[in-house]
There are 2 protein chains.
Amino acid sequence: MDFLLVNMTDKTAKRMMLPKKYEKLGGRSLSSTLVADRVDPLIDALGPLNTLVFATGLLSGTIGSSLSRISVGAKSPLTGGIKEANAGGDTAFRLNQAGLRAILVEGMAEDTYVLEIGLSGSKLVPMPELKLLNVSDTMSALRKKYGKHISAAVIGSAGERKMPAAGIAHTDTDGRATRYSARGGLGAVMGSKGLKAIVFIFDRLRFWEVSDQETYKKAVKKYHNNLLSDPGTAERRPKYGTAVTLELVNEVGGLPTRNFREGQFEKAENIGGYRLYDIIVSRGGEGTPTHACMPGCVVRCSNRYPKEDGSFLVSPIEYETNAMVGSNLGIGDFDEIAEITRLCNEYGLDTIEVGVTLGITVEAGLLSFGDGKKAIDLVHEIGKGSELGKVLGQGAYYTAKHYGIERIPAVKKQAIPAYDPRAIKGNGVTYATSPMGADHTAGNTIGHNIDHLSKEGKIELSKKLQVYNMINDSLGACAFVQGILFKDKDLLTEMLSSYQGREWSWEELKEMAYRSLVKEVRFNDEAGLIENDLPEFFSKEPLPPHNVVWDFDKEELADFWSE
Amino acid sequence: MDFLLVNMTDKTAKRMMLPKKYEKLGGRSLSSTLVADRVDPLIDALGPLNTLVFATGLLSGTIGSSLSRISVGAKSPLTGGIKEANAGGDTAFRLNQAGLRAILVEGMAEDTYVLEIGLSGSKLVPMPELKLLNVSDTMSALRKKYGKHISAAVIGSAGERKMPAAGIAHTDTDGRATRYSARGGLGAVMGSKGLKAIVFIFDRLRFWEVSDQETYKKAVKKYHNNLLSDPGTAERRPKYGTAVTLELVNEVGGLPTRNFREGQFEKAENIGGYRLYDIIVSRGGEGTPTHACMPGCVVRCSNRYPKEDGSFLVSPIEYETNAMVGSNLGIGDFDEIAEITRLCNEYGLDTIEVGVTLGITVEAGLLSFGDGKKAIDLVHEIGKGSELGKVLGQGAYYTAKHYGIERIPAVKKQAIPAYDPRAIKGNGVTYATSPMGADHTAGNTIGHNIDHLSKEGKIELSKKLQVYNMINDSLGACAFVQGILFKDKDLLTEMLSSYQGREWSWEELKEMAYRSLVKEVRFNDEAGLIENDLPEFFSKEPLPPHNVVWDFDKEELADFWSE
């Protein structure tokens, strides 16, 4: 497989051989290494010298379930550091189908361009008619031009307006661009380059056939059996999706509520996984609680949320969104959450960043907790690109600075997601130390049966999980299969070896992951992001109901990556 | 880079990872290994179980001069053994541009299909309107449909009629499909599958960028300097092309003349390289003696032959054609040779096979030596697919059998090319022993300053050259750069290593070549082609003017490959 080097300045798309040194990298390790190798940490993230990378995982594109997340990376305009944000959908499948391991987008165009990728040809075409269109309208226009079987990675108006809260949407199995590489403003990087969409023009999806197909198929069969005999991946996730995490985090007392003032929400049951299931099932119609975001997924944790009349409203409804635009804003109404989600999906916004930003607007006197209608209006402001919207589109950190607010739930300027670090200390360590800034996916401890309130063992756990997640994100694997994948390491390395036709060991994977993390940390060091710390208020404000504070001191985390 | 598996029965084109074991193979070694691995040696070469392979060389697609010949392989319907026939043109560049190392065509369609490789994906489309069109009309129709910048590999009516004399034509730098994978009936294999053309739909050619582009560029620069400071590649070939070989072979007394009855032709100077140059230059217009068949070639041994009024007639005029449809038929008129060449190019025929077949028709009383007009008529019969034409399209061996003639200048049923084995004994050893049958390109000794009439040392020389040619054909390199390439082996392995991003040694190349030859020989053994011998008449009929005979006995060559 090769990579495609797209130069927006020259309007060229050139296919090249993947240099040898990148062969054993994939997903996040590939995107981060490419960014670290090609981007000066001090350049303007929204300028022509940034490189936007789309990278497939080491196991992507095949019949293997939940192994084809797409990693998008660049220097982040939000954090100023290195960024990777992976997503489901079918972009990685399409890259595989085109024989590509990665797309690198460099330079900058003045106008609105689309990158066409067929099985073997790629080119940039101007499509000024897409300018500032919503995501679904963009998809309709692309489908009209290229046919109904296309897949795409697109941005909404937020990305074109270079808002650091903007993400990149990838098409799902329904052809809807709703799977977000949400975090860190990668949509703004894409927008800064004048690239509105990457469209994959194929008649139908073909699974990728690997180097040793026979061995691989056998290994995948065993892996699927493992998935289908685990209650989590076989029953709980298909039925309740990610949404049921809300009940758990609320129980632990770490559910961000009313701008991180509380850790439990009195209306939690209104916005949790069980309620979500009931609403979807009772409304019926186009809604479904069980939905695969990517082809071949046997877990199917995604969903389609219907309006009251059963017609389609939005997909997917996920835990982190429910928390950040729900409990964090004091909103206990699923239809309001769904509408905010829909708008974020349409304008091309990260729901976590938007939720935390709206929390800030309460402090600024623009919104009251629980006022869903007003929250919806504010998201529209971002979508319209009004003066107010342009402020909010900068994300929580810059919005707070704009209003002179210093209590900012963000790390490395990126909004803190749906696990309050005071109550879920392992995640706090991850937020403080991850090169990604506050990012639960970098090392989420919530699934571990431990005392989340205590700091004991959390540094070691976070470090282990950050390495494990780098492995997982480099494989292209979904967080929900990580436990199963890593339980049988021989099976995992057999899948990898038969995929690539070269021997893999677990030790190699760990080394690869650690090396890649160090690359990211070094990039950030050179970009000036040297602190491993959380905002001060977490150490001072006890979080109800357990009244816990963040009790790590700076020194404990300072050398996290230097050992 | 990947391969594309095309199934004509299912009408699918599926992109896959190149299995690890093929990574260090290219061109002939890749096509032959794929054929040997996938095709049962006993199947019908014109049935659905044959696999037609298009493979790029290990150095293909780049700025490096003369390194992008395309290897086409399959089980041959002519010899019944394994076949590889490589050609210039730009097919290999287009495969590289598409990120493909190889295309494999399997199965069989009833109708006339085109394989599109381009922006709209890689897919098979029915194009019944192309049925039985000449090559240039096929190109016009494809260009009308797909635009003027396409490249293509196409067959003429001979291929569609499954004639074992049919080749596959590749577009040159003028966009004309005139570069032939001529030998062994690969055009018939393509025709049997219902595949009229592979069309590459790209706006413009992009050179392939290799793994370590910087090192590669430096090495290529040195290699180009070597080419440009050698009188052969810098002066003689650009000016006179391959045609000037005729004077040399005539001098040696090995020029097939009047159906291999004589070794010198009294009108040799009328059909040699110097005369060709004079005709082209004096007519001017669209003619040119110096022409690159593939992008970036600095040797430019090809030509365009004009009509008397200077308008384009045919490209290219080559030594082997001039000999086999010239001296071998007693024809001493370049315009007649050019017209026969043009017709073979249009109908999609191997000029060597046609020349030897027409020599047989003289014995059968259908033609007189020197009667160019009648020879032209007979080629038209093949093109029309008349009853007579269908016989002649089977090639020299079957035509002779049809007329009860047992003096057949063919080895493994493939017509002997333009070097009489009695006078040029090294080539005789190659004809007798090459898995390809009578094929000068498998190990041509003519360029060596030796006593060609003597058998001494020729077994060793042929064996060495057959290994060298397998290396050359696996690199994708042209015969004319082999001497320069192999003189500086460190430079060659540096080019290879920087291309692939893995270390290469000359010893590895030799081992790869020998292993690939053994694969071919074993395929033939299993197909029943076990003899290493020439037709008996070469041992009995002394060849004027030197009155030499073929003086190897069977035993001397029996164990050629088993040591």
field: Exclusive hit being in a strand (DSSP E or B), hydrophobic (A, V, I, L, M, F, W, C) and in contact (Cβ under 8 Å) with a residue 24 or more places away in the chain, set B:58, B:95, B:5
entry: B:5
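Just a yes or no: is a residue in the range A:201-212 charged (D, E, K, R), crowded, with 24+ Cβ neighbours inside 10 Å and in contact (Cβ under 8 Å) with a residue 12 or more places away in the chain?
no
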- prompt: From the residues in the range B:466-515 that are more than 22 Å from the chain's Cα centre (by Cα) and closer than 24 Å to residue B:238 by Cβ, which one is surrounded by the fewest Cβ atoms within 10 Å (Cβ to Cβ)?
  reply: B:487
- prompt: If you take the residues in the range B:3-58 that are charged (D, E, K, R) and buried (at least 23 other Cβ atoms within 10 Å of the Cβ), which one is nearest to residue B:117 (Cα to Cα)?
  reply: B:15
message: Which of the strands (runs of 3 or more DSSP E) found entirely inside the range B:154-240 contain at least 1 residues meeting this: within 14 Å of another protein chain (Cβ to nearest Cβ), modelled with pLDDT of 95 or more and over 17 Å from the mean Cα position of the chain (by Cα)?
response: B:195-201
- request: Kindly indicate whether residue B:302 is buried (at least 22 other Cβ atoms within 10 Å of the Cβ), touching a His at 6+ places or on another chain (Cβ under 7 Å) and under 18 Å from residue B:247 (Cα atoms).
  value: yes
message: If I filter the range A:128-142 for residues that are farther than 20 Å from residue A:187 by Cβ, surrounded by 20 or more Cβ atoms within 10 Å (Cβ to Cβ), hydroxyl-bearing (Ser, Thr, Tyr) and out of contact with any Pro (no Cβ under 6 Å at 6 or more places or on another chain), do I get at least one hit?
response: no
- request: Answer yes if at least one residue in the range B:69-85 is closer than 26 Å to residue B:292 by Cβ, under 18 Å from the mean Cα position of the chain (by Cα) and either within 14 Å of another protein chain (Cβ to nearest Cβ) or among the β-branched types (Val, Ile, Thr) (or both), and no otherwise.
  value: yes
query: What do you reckon, is residue B:90 under 23 Å from the mean Cα position of the chain (by Cα) and over 22 Å from residue B:117 (Cα atoms)?
result: no
- prompt: Looking only at residues in the range B:26-55 that are assigned to a loop (DSSP other than H, G, I, E, B) and within 19 Å of the chain's Cα centre (by Cα), which one is farthest from residue B:503 (Cα to Cα)?
  reply: B:45
query: Quick one: what pairs do we get from the range A:20-33, first residue on the phi > 0 side of the Ramachandran plot and away from chain B (no Cβ under 14 Å), second part of a loop (DSSP other than H, G, I, E, B) and modelled with pLDDT of 95 or more, C-beta under 8 Å, 6+ apart or different chains?
result: A:27/A:56; A:27/A:57; A:27/A:58; A:27/A:60; A:27/A:69; A:27/A:476
field: Failed item, numbered, when residue B:406 is tested on (1) in a loop (DSSP other than H, G, I, E, B); (2) crowded, with 24+ Cβ neighbours inside 10 Å; (3) of a type in the set (Asp, Glu)
entry: (2)
- request: Taking only the range A:103-127 into account, find how many residues are β-branched (Val, Ile, Thr), in a strand (DSSP E or B) and either at the interface with chain B (Cβ under 10 Å from one of its Cβ atoms) or more than 20 Å from residue B:208 (Cα to Cα) (or both).
  value: 3
message: For the range B:114-127, check the following and say yes or no: at least one residue is more than 27 Å from residue B:384 (Cα to Cα) and of a type in the set (Ser, Thr, Tyr).
response: yes
query: Any idea which of B:498, B:454 is in contact (Cβ under 8 Å) with a residue 24 or more places away in the chain, of a type in the set (Gly, Ala, Ser) and within 14 Å of chain A (Cβ to nearest Cβ)?
result: B:498
message: Here's a check for you: in the range A:411-446, which residue that is farther than 16 Å from residue A:255 by Cβ and assigned to a helix (DSSP H, G or I) is nearest to the chain's Cα centre (by Cα)?
response: A:441
- line: Reported set for the range B:381-437 where residues are among the aliphatic types (A, V, I, L, M) and within 23 Å of residue B:558 (Cβ to Cβ) is B:408, B:410, B:411, B:416, B:424, B:429, B:432, B:436
query: Among the numbered criteria (1) touching a residue at least 60 places away in the same chain (Cβ under 8 Å); (2) more than 10 Å from chain A (Cβ to nearest Cβ), which single criterion is violated by residue B:37?
result: (1)
- prompt: Taking the range B:419-442, which residues are of a type outside the set (D, E, K, R) and within 20 Å of residue B:257 (Cβ to Cβ)?
  reply: B:419, B:421, B:423, B:424, B:426, B:427, B:428, B:431, B:438, B:440
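The values are calculated or read from the model by the stated rules, or taken from the named source; none is laboratory data. What you see is a predicted model; the values in this text were computed from it and never measured. Neighbour counts are summed over all protein chains in view; Cβ atoms, including those assigned to glycine, are modelled from backbone coordinates with ideal geometry.
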